[in-house]
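The structure under discussion appears below in the form of C-alpha cells.
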Amino acid sequence: MDLKTVMEYEAMVKFNLPGSEREWIAEKASMLEESFNELSKVDTDGVEPLVSVLNFNSALREDVSVRLVSRDEILANSPDQYDGYFQVPRTIE
Amino acid sequence: MDREFFASRYETKTDNSFALDDNIMVRGGLTTAGSKMLQNFVSPLQATVVDRLLDAGMELAGKTKIDELAIPTVSEDIFATLSGAAGAVSEGLCRIALCNDVSGKNRRQAPAKGLYYIHPTYGTVSRFGLVPAVSSMDQLGVVCRDIDDGFNVLGIIAGHDEKDFTTFPEKSYSYAPKEGPFRIGIPVNVMEAADEESGNSVNEFAGRLGAEKFELKYFEVLPQVMYILSCAEIGNNTSRYDGIKFGYRTENYSGLNDLYTNTRTEGFRPDMKLATIIGAFVLSKKNYEAYYLKSMKIRRLLREHADELFSRFDAVVMPLRLKDPEPYRNMALYAFATLCGLPSVSIPFGSCGLQLIAQARNENILYGICKGAVKDGI
C-alpha cells in the first residue's frame with residue numbers, strides 16, 4: 001500500500017497522520033496485504049459466509065421503552081454541551 | 001506494584017476481591033480501556049458481570065491495565081508487557097480478574113505466572129458494560145489461581161442477560177467437572193510450528209493423556225482471517241470516538257471536520273490507527289470480496305471443521321507460543337477458539353503451559369480434564 005492510498009483511507013476514517021506514522025502504516029499494510037492474498041489458496045466455492053457463531057435466535061424482550069441512563073448522565077462526559085444538547089462547532093457558514 | 005498492574009485501585013477489606021480489565025464499566029468510575037481517547041471517561045453504566053459479582057459478596061479491587069481496547073495487534077511489544085490482570089492475580093492483589101481476551105494475551109501469559117485462564121463459549125457471559133472491540137469475538141473470561149475458584153466465579157457471572165441479546169437463553173450455569181476418560185487431540189501441523197519449550201509442555205501433557213494426532217485445517221491462514229475480521233469490526237466500533245459525545249477532544253480545531261480528524265489522530269495509538277485503516281481497506285468495494293467475504297467463508301469452514309473434530313475428540317491441546325515470535329503469526333494459536341466461539345482453558349503445566357479447547361458449551365469437559373490433571377499431579 002503506497003502513501004497516497006494510505007492518505008485516501010485516512011480521509012475515510014478521519015485521521016491525519018504525521019509523516020512517520022503514515023510511513024509505518026504503509027509498510028505494515030503492504031506486508032499485511034501480501035499476507036491477505038494467501039487466502040485465495042483456500043477453496044470457498046459454494047460456502048456461505050459465517051456472520052455469527054451463535055446458532056440460536058436471539059432472545060427478544062418486551063417492546064417497552066426502557067431508560068438505562070438519564071440525559072444528564074449521558075451529557076456528563078461530553079466535552080461541550082449547551083442547554084441539554086451536545087454542542088459542536090459551527091457547521092454552516 | 002499496584003501502579004504496575006492497576007489503572008485505578010479501590011480499597012478492599014477482605015481478600016475476596018476481583019479485578020476488572022479497564023474496559024469493563026463500573027458506574028461512577030473511570031473506564032479508560034487503555035486509551036487516551038477514554039482517559040477521562042466516567043461510566044454512567046455498570047457491567048452486568050460487576051453487578052453479579054458484587055451481589056455474590058465479592059469486592060472490587062480495581063481496574064487492571066490493558067493494551068488499547070485490548071485489540072489484537074501486529075505490534076512487536078504486545079506480548080512483552082505482562083497483562084495487568086495476570087500480574088494482579090499472581091501478586092495476590094486480588095482473588096480473580098475478568099478480561100476480554102480477543103488478542104490471546106491472557107491465554108498466553110497466565111500459565112507462565114502459575115495461573116489459569118478460562119475463556120468461555122461466546123454467548124455465555126454478558127458483554128453489557130464491556131467497551132466493544134470485536135463484537136463477534138469479545139467474551140469475558142476469568143484469570144484465577146485455582147481452577148475450582150475460576151469455574152465458581154464463571155458460574156456467578158454466566159447466564160442470560162436481558163441487556164445483551166447475544167447471551168444464551170439459560171438464566172444460570174453451574175459448572176461441575178466431567179469425569180474422564182477423555183479423548184484428546186493434538187494438532188501435528190501446529191506442533192511443528194511451536195517453539196521448543198511450548199511444544200515440550202504440550203507433548204508431555206499429551207503423552208500422559210494418550211492424545212491422538214490430527215491436522216488443524218486452515219491453520220496457515222488463521223492470522224489473516226482473524227486480523228481481517230477483527231479490523232473490520234474494530235473500525236466500526238471505534239467510529240463512535242469523535243470528540244463530541246464523550247472522551248478525548250483535541251484543542252486544535254477550527255471546524256467540525258478538524259475536530260473529528262485531530263481528535264481521532266491524537267486520541268489513538270498507531271496500532272489502533274493501523275487496525276482502523278485496514279478495516280476500511282478490507283471493507284472497501286475493491287477488496288470486500290477477496291478479503292472480508294472470503295474470511296467469513298473460511299470462518300464457516302473452520303467452524304465445520306471444529307464440529308467434525310469434536311465428534312472425534314472431547315478436547316484438543318495446543319501450544320501457547322510459536323517459533324516465529326511475530327505477534328501476527330501467533331494470532332493463529334488463539335484464533336481457532338476465538339473465531340469459532342469455543343471455550344478454552346490455559347493451564348500452568350510444564351515450563352510454559354498449554355491451552356485446551358473444547359466444543360461450544362462444553363466447559364465441564366475442560367473443567368474435568370483440569371481437575372484430573374491436578375489430581376494426578378500433572
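Loop-located trypsin sites (Lys or Arg not before Pro) across the range B:145-211 with a Cβ neighbour count of 13 or fewer within 10 Å are B:Lys171, with loop assigned by DSSP.
For B:His119, B:His305, what's the fewest-to-most ordering of other Cβ within 10 Å of each Cβ?
Lowest to highest Cβ neighbour count: B:His305, B:His119.
With a simple spin-label model that places each label point 7 Å from the Cα along the Cα-to-Cβ direction, the separation between A:Asn16 and B:Phe165 comes to 4.0 nm. The mean number of Cβ atoms from other chains found within 10 Å of a Cβ in peptide B:111-119 is 0, as a whole number.
For A:Glu34 and B:Glu179, what is the calculated FRET efficiency with R₀ set at 51 Å and r taken between the beta-carbons, to the nearest 0.05?
The pair A:Glu34/B:Glu179 has a calculated efficiency of 0.55.
Inside 10 Å of the C-beta atoms of A:13-20, what's the mean count of C-beta atoms belonging to other chains? Let's see the in-between values first.
Values: counts 12, 13, 11, 8, 4, 2, 0, 1.
Average neighbour count from other chains, rounded to a whole number: 6.
Under 18 Å of direct C-alpha separation, and excluding same-chain neighbours fewer than eight residues apart, B:Lys113 reaches these lysines: B:Lys65, B:Lys105. Among the trypsin sites (Lys or Arg not before Pro) in the range B:91-120, none sits in a DSSP loop with a Cβ that has at most 10 other Cβ atoms within 10 Å. Cross-link partners for A:Lys41 among the lysines, with Cα-Cα distance under 25 Å and sequence neighbours closer than 8 places in the same chain left out: A:Lys28, B:Lys213, B:Lys217, B:Lys285, B:Lys286, B:Lys294, B:Lys297, B:Lys323.
Loop-located trypsin sites (Lys or Arg not before Pro) across the range B:243-302 with a Cβ neighbour count of 12 or fewer within 10 Å are B:Lys285, B:Lys286, with loop assigned by DSSP.
What is the sum of charges around B:Lys294, taking Lys and Arg as +1, Asp and Glu as -1, for the other residues whose C-beta is under 14 Å from the C-beta of B:Lys294?
Here the count lands on -1.
Taking Cα centre as origin and charging only the Cβ of basic (Lys, Arg, +1) and acidic (Asp, Glu, -1) residues, the dipole magnitude of chain A rounds to 320 debye.
If we count other beta carbons within 10 Å of each Cβ, what is the order of B:Arg240, B:Arg127, fewest first? Let's see the in-between values first.
Working: B:Arg240 12, B:Arg127 23.
So the residues, fewest neighbours to most, are B:Arg240, B:Arg127.
Peptides B:225-234, B:186-195 ranked from most to least packed by the mean count of surrounding Cβ atoms within 10 Å: B:225-234, B:186-195.
Using Cβ counts within 10 Å as a stand-in for footprinting exposure, how do B:Asp101, B:Asp324 rank, fewest first?
Values: B:Asp101 30, B:Asp324 12.
So the ranking, lowest neighbour count to highest, is B:Asp324, B:Asp101.
Each part reduced to its alpha carbon centroid, the range B:310-378 and the range B:139-213 end up 6 Å apart.
Averaged over the residues of peptide A:72-79, the number of Cβ atoms from other protein chains lying within 10 Å of each residue's Cβ is 5.
From the helices alone, meaning DSSP H stretches of at least four residues, give me the mean residue ellipticity at 222 nm for the protein assembly as shown, per-run term -39500 (n - 2.57), in deg cm²/dmol to the nearest 500.
On the way: 16 runs with 177 residues, N = 471.
Result for the protein assembly as shown, helices only: -11500 deg cm²/dmol.
No lab work stands behind these numbers, since they all come straight from the coordinates. What you see is a predicted model, and the numbers here were worked out from it, not measured in a lab. Neighbour counts run over all protein chains shown; Cβ positions are idealised from the backbone, glycine included.
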